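Student: One structure is given below, represented as structure tokens, and several questions about it will come after.
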Amino acid sequence: MEILLLLMLLPPLAGAALNGIFGRRFSHGLVSVIGCGSAGIAAIFAIAAALTSHLGPDTPPFVHGYFTWIQAGSFRTDFALYYDRLTLIMTLVVTVIGFLIHMYSRGYMEHEGGYYRFFCYLNLFLFMMLVLITAGSYPVMFVGWEGVGLCSYLLIGFYFPKKSASDAGKKAFIVTRIGDAGFTVGVALLFWTFGTVNFPELFPKVAALGLGDQQHTLTAACLLLFLGAVGKSAQLPLYVWLPDAMEGPTPVSALIHAATMVTAGVYMVARSNVLFVHAPEALKTVSAVGCITAFFAATIALCQNDLKRMLAYSTISQLGYMFTGCGVAVFSSGIFHLMTHACFKALLFLAAGSVMHAMSGELDMRIMGGLRHKMPTTFWTFLIATLAISGVPGFAGFFSKDGILAATYSGPLGSPWLYWLLTITAGLTAFYMFRGLFMTFCGKSRVPHDLEHHVHESSSKMTVPLMILAVFSIVAGYVGIPEVLGGSERFDHFLEPVFGSSQNLLASNGVAAAHTASELVLMIGSLTAAGVGILVAYWFYLRSPEIPEGLATAFSGAYRTLVNKYYVDEFYNWLIVQPVVVGSRKFLWQFVDTGVIDGAVNGSAEATADVGQVLRRIQSGNIRSYAAWVLLGAVGWLGYLLLR
């Protein structure tokens, strides 16, 4: 297993190195072989590790330290990898979805500049995410954590000559650093309290505590760790970088939103489940932030006309679902939705990329329409993903969303308000997703005449990954069919060795469901909301398309607020960005740098020059002048002696 894990991690790193160092001299074909081949090899070894792991219900996680990485005083951490059932699921999701995105990129990026550089960054992104999810300690996890942040900066700003792209890359890097600062302090607090940050040593120590022991310290540490997750996974209030990340190439959006960076926060909270169940207040914060973010982002998505930005706010909303599942201590439901979401969200973004490719880069849905006739494969795959994210029965999102919604009402830390707000969000999700589908693919064509002749279906390099992901978007949910529908909830049982002790701890300490309701009744509620959302979208955008325009005019204030995303970016610009810019210019530059630092340096030089100007008069070369100075010095010295 220790060799299999290395063979899974190293190919993407090697691919990044080869394309990064020598790729400028390689042909597109060779760059593709190296980039896609390394991702494919990683996927093969991830599957091999899953098949040969033999992780039984009572089998401890596999942990292997390859070498001592840091040792300073009592602090020691090895470069160690950690493999259990949660790691198994995450490595399969990351490598398989990542490989399909690599394959799609061959067609999407074939006419773009910096082809070798793109695949270098993409491979490095995959490697860093694998380091994050296989890490055996928080410091090793932090390497992957910061690595995906670096790669997101490089990929979001890939079109760096374009100012909006370079600004978006910097925005992502800076905003996520805020959360990372919290993550760093949280890890330091854990070491200070428990003397270790290695998972095999830390988790048993915390598990041995009773509920309430070290609660204040663990609450602080968990909230700090969650702050890191808020930044990486784009939750309130640090979500603002993710919509701007759409400036990067579309495969980057798919990779960030589906398989890598934004799922890192959810994974970290799930991996740290032993810590979080000992800090119930921190868990309540996780569920509250996740639920509010899910609703908040869904309302913004209602009125977005840019196809990719609508999907970006959809991602923020769906991540809120995952955090809510973890926050109510049903971690397996959160991971289940992470897995299904990776399938249909990757499909949605790649299908949006296919549309963008056909529309010469245009993403405004208001000038689309009728594309299903010219792009049938893209249409049908987009439809499948839309049905999945909307929670329509039979598709993957239905099963994973149902688990979270049921848990929010009847779970260990559930609350009815969480269920109702997420149910409303489910209705909003169905509405804006079908709005996007109808505006893009259905109805009359609104494509400008100069673009009409260019619209065509994408090549097989792009459509084959779409079809594979469409299959995943259907079948992925069937691994977790709930008992109420005749299933055995195999996904939950599979992850029970990872999360079972945490849920048992809550149960043994009397933390049980405060509210009970039939899961079938709760399911009907969410399905009703989704059905209403779909019907309203159909009525608004196919039957009576004049209604949305009338509502936008009648409620112009609310409409402008949603279109402008509640003016949060403008508020942050006023509250934080401009004061920093003005303070940097007026105070740090003009006062501190120019006035104080330069003033001190230049002033000392000028004073020295002035003194020199005076002293140089003594060196006149005149003997009488020298004699006078000697006499004056002697008189002064005698006067000093007499006065003493």
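The values are calculated or read from the model by the stated rules, or taken from the named source; none is laboratory data. Owing to the predicted nature of the structure, the values given are computational and were not obtained by experimental measurement. Cβ: placed from backbone, ideal geometry, glycine included. Neighbour counts: every protein chain shown. The protein model used for the area step is the full one, side chains on, heavy atoms only, and it has no ligands, DNA or RNA in it. Shrake-Rupley method; radii C 1.70, N 1.55, O 1.52, S 1.80 Å.
Student: Give me the distance between the Cα centres of the range 172-217 and the range 67-83, rounded to whole Å.
Tutor: 16
Student: Also: Between (1) 36.7, 126; (2) 29.4, 106; (3) 30.1, 118, which entry matches Rg and Dmax of the Cα atoms in Å as derived from the coordinates of this structure?
Tutor: (3)
Student: Classify the range 358-464 as rounded, prolate or oblate from the Cα gyration tensor: take a ≥ b ≥ c as the square roots of its eigenvalues, call it rounded if a/c is under 1.5, otherwise prolate when a/b beats b/c and oblate if not.
Tutor: It is prolate, given that a/c is not under 1.5 and a/b is the larger ratio.
Student: Which order, highest average first, do 604-610, 227-233 follow once you tally other Cβ atoms within 10 Å for each residue and take the mean per peptide?
Tutor: My ranking of the peptides, most packed first, is 227-233, 604-610.
Student: Further question on the same structure: Mind checking the dipole of the range 486-644: about its Cα centre, +1 per Lys or Arg Cβ, -1 per Asp or Glu Cβ, Debye to the nearest 20?
Tutor: The calculation lands at about 1220 debye.
Student: Let me check I've understood the local charge: for Ala554, count other residues with C-beta under 15 angstrom from its C-beta, Lys and Arg +1, Asp and Glu -1. What total comes out?
Tutor: That sum, taken over residues with Cβ under 15 Å, equals -1.
Student: Next question. Quick check for you: which residues of the range 323-358 have the amide N under 20 Å from the point 7 Å beyond the Cα of Leu451 toward its beta carbon?
Tutor: Hits in the range 323-358 for Leu451 at 20 Å: 348-358.
Student: Compute the distance in nm between two label points, each set 7 Å from the Cα along the Cα-to-Cβ direction, one at Thr608 and one at His216.
Tutor: For the pair Thr608/His216, the computed spacing is 5.6 nm.
Student: In whole angstrom, note down how far apart the Cα centers of the range 4-52 and the range 336-374 are.
Tutor: About 27 Å separates the Cα centre of the range 4-52 from the one of the range 336-374.
Student: Give the accessible area for Arg616 in Å² (nearest 10); use a 1.4 Å probe, count only protein heavy atoms, and leave out ligands, DNA and RNA.
Tutor: Accessible area, nearest 10 Å²: 150 Å².
Student: Order these peptides, 198-210, 128-140, 277-289, by their mean beta-carbon neighbour count within 10 angstrom, highest first.
Tutor: 128-140, 277-289, 198-210
Student: Take the residue pairs Lys205/Lys284; Lys163/Lys461; Lys308/Lys345; Lys162/Lys345; Lys374/Lys461 and return only those whose Cα atoms are more than 20 Å apart.
Tutor: With Cα atoms farther than 20 Å apart: Lys205/Lys284; Lys163/Lys461; Lys162/Lys345.
Student: Where Lys and Arg each count +1 and Asp and Glu each count -1, what net charge lies around Gly487 among other residues with Cβ under 12 Å from its Cβ?
Tutor: Taking every other residue near Gly487 into account, the sum is -4.
Student: For Asp167, Asp84, Asp450, give the ranking by accessible area with the largest first, probe 1.4 Å.
Tutor: If we order Asp167, Asp84, Asp450 from most to least accessible, we get Asp450, Asp167, Asp84.
Student: Subtract the Cα-Cα distance of Arg616 and Ala554 from 0.36 nm times their separation in residues, and report this length gain in nm to one decimal.
Tutor: This chain segment gains 13.9 nm when fully extended.
Student: Something else now. Can you tell me how much longer the chain between Leu209 and His64 gets when fully stretched, taken as 0.36 nm per residue apart minus their C-alpha distance, in nm with one decimal?
Tutor: Additional length available on full extension: 49.6 nm.
Student: Related question: For the range 1-142, which whole-number percentage of the solvent-accessible area (1.4 Å probe, protein heavy atoms only) is attributable to carbon and sulfur atoms?
Tutor: Carbon-and-sulfur percentage of accessible area, whole number: 67.
Student: While we're looking at this one, here's another question. Please state the shape class of the range 235-312: rounded when a/c is under 1.5, otherwise prolate if a/b exceeds b/c and oblate if not, all from the C-alpha gyration tensor.
Tutor: Note, shape of the range 235-312 comes out oblate.
Student: What is the set of long-range amide H partners of Tyr66 at a cut-off below 5 Å, with H atoms built 1.01 Å from backbone N?
Tutor: Placed amide hydrogens put Phe79, Ala80, Leu81 under 5 Å from Tyr66.
Student: Could you give the size of the charge dipole of the chain about its Cα centre, using +1 on the Cβ of each K and R and -1 on the Cβ of each D and E, expressed in debye and rounded to the nearest 20?
Tutor: 1400
Student: So how far apart, in nm, are the two label points at Lys163 and Asp364 if each is 7 Å from Cα heading toward Cβ?
Tutor: It is 2.0 nm.
Student: State the extension gain, in nm to one decimal, for the chain segment bounded by Gln71 and Trp420, taking 0.36 nm per residue of separation less the distance between their alpha-carbons.
Tutor: That pair, Gln71 and Trp420, stretches by 120.7 nm at full extension.
Student: As an exercise, use a Förster radius of 30 Å and the Cβ-Cβ distance of Arg24 and Ser460 to find the FRET efficiency, rounded to the nearest 0.05.
Tutor: The pair Arg24/Ser460 has a calculated efficiency of 0.60.
Student: Moving on to the next point. What FRET efficiency would be calculated for the residue pair Ala634, Val596, taking the C-beta separation as r and a Förster radius of 45 Å, to the nearest 0.05?
Tutor: My answer for the efficiency is 0.55.
Student: Here's something else I'd like to know. Measuring with a 1.4 Å probe in the full set of protein chains, what accessible area per residue, in whole Å², belongs to the chain?
Tutor: Accessible area per residue: 41 Å².
Student: Can you compute the modelled spin-label distance between Arg585 and Ala188, with each label point 7 Å from Cα toward Cβ, in nm?
Tutor: 3.4
Student: Between the alpha-carbon centers of the range 434-506 and the range 584-601, tell me the distance in whole angstrom.
Tutor: 56
Student: Please give the FRET efficiency for Trp574 paired with His373, using the beta carbon to beta carbon distance and R0 = 56 Å, rounded to the nearest 0.05.
Tutor: Computed FRET efficiency for Trp574 and His373: 0.75.
Student: In the range 557-625, carbon and sulfur make up what percent of the accessible area (probe 1.4 Å)?
Tutor: Accessible surface attributable to carbon and sulfur in the range 557-625 totals 64 percent.
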